[in-house]
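Presented below is the structure to which this report refers.
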Amino acid sequence: MSDGTETLAELSAEYQASIPEDLREPRSFEWYLETLETDPAVARAAHQRVADMFDYYGAEYDEDRGVVEYELASEDPLHDGEHTFYGRVVHEAIHEFVNKVKSGARGLGPERRILLLLGPVGSGKSAFDAQLRRYFEDYTMRDAGRMYTFRWTNLRDVIEDQDPADDTVRSPMQQDPLVLLPQAQRDTILEQVNEALDAPYTIRNEQNLDPESEFYMDELLAHYDDDLQSVLDNHVEVVRLVADENKRRALETFEPKDKKNQDETELTGDVNYSKIAVYGESDPRAFDYSGAFCNANRGIFSGEELLKLQREFLYDFLHATQEQTIKPRNNPRIDIDQVIVGRTNMPEYKDKKGDEKMEAFNDRTKRIDVPYVMAYEDEAEIYRKLLGNADVPDVHVEPHTLEMAGLFGVLTRIEEPDADTVDVLQKAKAYNGEGDALEDVDVKKLREEAQAAAAVGEGMEGVSPRFIGDEIAEAIMDSTHRGRDYLSPLTVFSFFEENLEHHGSIAEERFAEYYRYLERVREEYRERAIEDVRNALAYDVEEIQRQGEKYMDHVMAYIDDDTVEDDITGAESEPDETFLRAVEEKLDIPEDRKDDFRQEVSNWVSRRAREGEAFDPTDNERLRRALERKLWEDKKHNINFSALVSANDLDEDERTKWVDSLMDLGYSEEGAREVLEFAGAEVAKAELEDE
């Protein structure tokens, strides 16, 4: 082994250290009762354990939004952020999901419901569900999440016809050891457990033993003259239960198949035909507890595309939710304890919602909307994560590329607002939290109006992140094949335009609308590209500082109805209204709103002064942008924009200087040259139109 590479012995030691100490060490029932005295949470029900899991990995309350962000989703500490979730609406959905789990933990009703994740394709339903299962596996490996079950031992010592292969039998439903006690004695133990429990819920357990375990208990009690202690001492071992999806233990994923190849036994279990010859058909030992509900007991049942199941399969969920039991064919009812999560898309939901025969099922579901991300910078983070998790070629992603891709996606998802108040692009910017867009925009009202107007909810339709991510990937590979070492928004736009109509989930009647949105995104990128070139060609920090100080001197004089003293001559003069408006018009501030803006900036300066901070116009986003644009306006007439388009018309040293300035803003060298040419052509065209 070379230096820095772990040896097999080190890897083995690392693996052993990760395994709970008591994973393979059986304990006595007496030990379990003693453990409950010091750690009563060990006996938690499934909803209680899952609820505590979310808090265990960290949570932070966002007071402004009234939402708890759970770090297993927002940070993904187990995987170094590989599976993080982005977007306000997504974290609101997760917050709602956890609230329902926590309500179920308290016995308020959701423990008897299906938690149905409803959303469009690619909205993150499956990813969150998978994240939930990954963390539950990890949580049950830790002391904080540990749980136990039991196994029957030495059965052949008492039961004469017991198959030698079944001398030791693990609890088929991996039940909590407390179910071995009769209800009256169990309640006495639980009363003591709850007195010692530091939790917002009460631990209850009213389950019956599964039929096979009940058979063994009856046989053993008869042998020991109802001496329960002898049964527990001689024939029961308590073992650690760790959730494991691959082993179908306390975690199960169930998905629909063709009706001819699927029946309800996949949910509830079936006869074990190999045991019929040993025990007989009606013997409870001849049942195979391999149904999805059986495997998920004590943990999480995950129903993929749940509403695609045939109606007769969904009937099994009625008992599983409301009564928390399952009824296998030709067998008695079996108690279950699990968080039942379902996932579905809009078409199936609408179909089942309108089916009167599904009223009972619909009444047992708690719908949780998982819409698309609605802030384009959050959407850009999704693509950035995808690229970060992949083996991306050596291609530089230029500034604005992912953001503009995200903006296109968001525009297709939000409800068109009332054009008299705000247009769709301004709404997207307001949802993104941009200061300029928020001026005179009531974001809360926009959301409420959109929710009322949308068929199901805003963000439940539109272009999926998968489509956009696929086109970004295609654009990257195309750039690689063409020998380009950068990816720009212009390239991504081209792929959107070429492939939009090839996307199977986009209705034909939406194409024209989506092309219109794509043009709006092009226009937005044009403004941003020009802004970047403006900074590269004309940005002057000292001049912005001077102009900012001049602006504030004249604003303060205007507010105080005073005069301004010239720094050189000392002469007094009225505030320069022409200069003030030249700055404010760069932010499209109308004449009748100038006083509000001036007062706002004045208050900002006064507040900073009280905090002992010097005036710096670049610290105020809106003022900085206005001054930058005015400086550009003052200088642009001295720049030959047409020369930017042609390499032959511009001195290479000057071009290199500008390229270097753009590279300081995050561009690659070739990307900087492209944006210089693009912005130069756009500005030159605008200059000609203004003449």
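Summary of computed values
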| quantity | calculated |
| --- | --- |
| Residues that are among the aromatic types (Phe, Trp, Tyr) and either touching a Leu at 6+ places or on another chain (Cβ under 8 Å) or farther than 15 Å from Leu402 by Cα (or both), drawn from region 452-502 | Phe493, Phe496 |
| Subset of region 621-679 that is of a type in the set (Gly, Ala, Ser) and not in a loop (DSSP other than H, G, I, E, B) - its residue that is modelled with the lowest pLDDT | Ala647 |
| Hits in region 591-613 - residues which are in contact (Cβ under 8 Å) with a residue 40 or more places away in the chain and outside any helix (DSSP H, G or I) | none |
| Matching helices (runs of 4 or more DSSP H) fully within region 288-381 where at least 3 residues are touching a residue at least 24 places away in the same chain (Cβ under 8 Å), of a type outside the set (Val, Ile, Thr) and closer than 22 Å to Ser123 by Cα | 346-353 |
| Residue within region 461-474 that is surrounded by fewer than 18 Cβ atoms within 10 Å (Cβ to Cβ), in the same structural domain as Tyr383 (by TED's automatic domain parsing), on the phi > 0 side of the Ramachandran plot and out of contact with any strand residue (DSSP E or B) (no Cβ under 7 Å at 6 or more places or on another chain) present | no |
| Ser274 being over 25 Å from the mean Cα position of the chain (by Cα), hydroxyl-bearing (Ser, Thr, Tyr), in a helix (DSSP H, G or I) and surrounded by fewer than 18 Cβ atoms within 10 Å (Cβ to Cβ) | yes |
| Within region 168-218, considering residues that are of a type in the set (Ser, Thr, Tyr), buried (at least 20 other Cβ atoms within 10 Å of the Cβ) and not in a loop (DSSP other than H, G, I, E, B), the one farthest from the chain's Cα centre (by Cα) | Tyr216 |
| Residues satisfying the stated conditions in region 585-622, i.e. within 17 Å of Met556 (Cα to Cα) and among the acidic types (Asp, Glu) | Asp595, Asp596, Glu600, Asp616 |
| Identity of the residue in region 388-404, outside any loop (DSSP other than H, G, I, E, B) and within 19 Å of the chain's Cα centre (by Cα), that ends up surrounded by the most Cβ atoms within 10 Å (Cβ to Cβ) | Leu402 |
| Unmet requirement for Ile114, which otherwise passes all of (1) more than 37 Å from the chain's Cα centre (by Cα); (2) in contact (Cβ under 8 Å) with a residue 12 or more places away in the chain | (1) |
| Test: residue in region 127-145 that is crowded, with 18+ Cβ neighbours inside 10 Å, assigned to a loop (DSSP other than H, G, I, E, B) and in contact (Cβ under 8 Å) with a residue 24 or more places away in the chain | no |
| Residue match in region 31-53 (condition: more than 21 Å from Leu197 (Cβ to Cβ), of a type outside the set (Asp, Glu) and surrounded by fewer than 16 Cβ atoms within 10 Å (Cβ to Cβ)) | no |
| Spans of helices (runs of 4 or more DSSP H) in region 477-590 with at least 3 residues among the basic types (Lys, Arg) and either outside the structural domain of Thr401 (by TED's automatic domain parsing) or surrounded by 12 or more Cβ atoms within 10 Å (Cβ to Cβ) (or both) | 511-538 |
| Helices (runs of 4 or more DSSP H) (entirely within region 4-92) containing at least 1 residues that are within 15 Å of the chain's Cα centre (by Cα) and within 24 Å of Asn389 (Cβ to Cβ) | 46-56, 71-74 |
| Of the criteria (1) at positive phi; (2) buried (at least 18 other Cβ atoms within 10 Å of the Cβ), which one Ala286 fails | (1) |
| Selection within region 372-389 - closer than 17 Å to Ile414 by Cβ and of a type outside the set (A, V, I, L, M, F, W, C) | Tyr372, Tyr376, Glu377, Asp378, Glu379 |
| Residue check, Tyr486 aromatic (Phe, Trp, Tyr) and modelled with pLDDT under 90 | no |
| Residue in region 434-448 that is touching a residue at least 24 places away in the same chain (Cβ under 8 Å) and either crowded, with 23+ Cβ neighbours inside 10 Å or within 23 Å of Glu527 (Cα to Cα) (or both) present | yes |
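The values are calculated or read from the model by the stated rules, or taken from the named source; none is laboratory data. Not measured: the values here are computed from a predicted model. In this analysis, Cβ positions are derived from the backbone assuming ideal geometry, glycine residues included, and neighbour counts consider all displayed protein chains.
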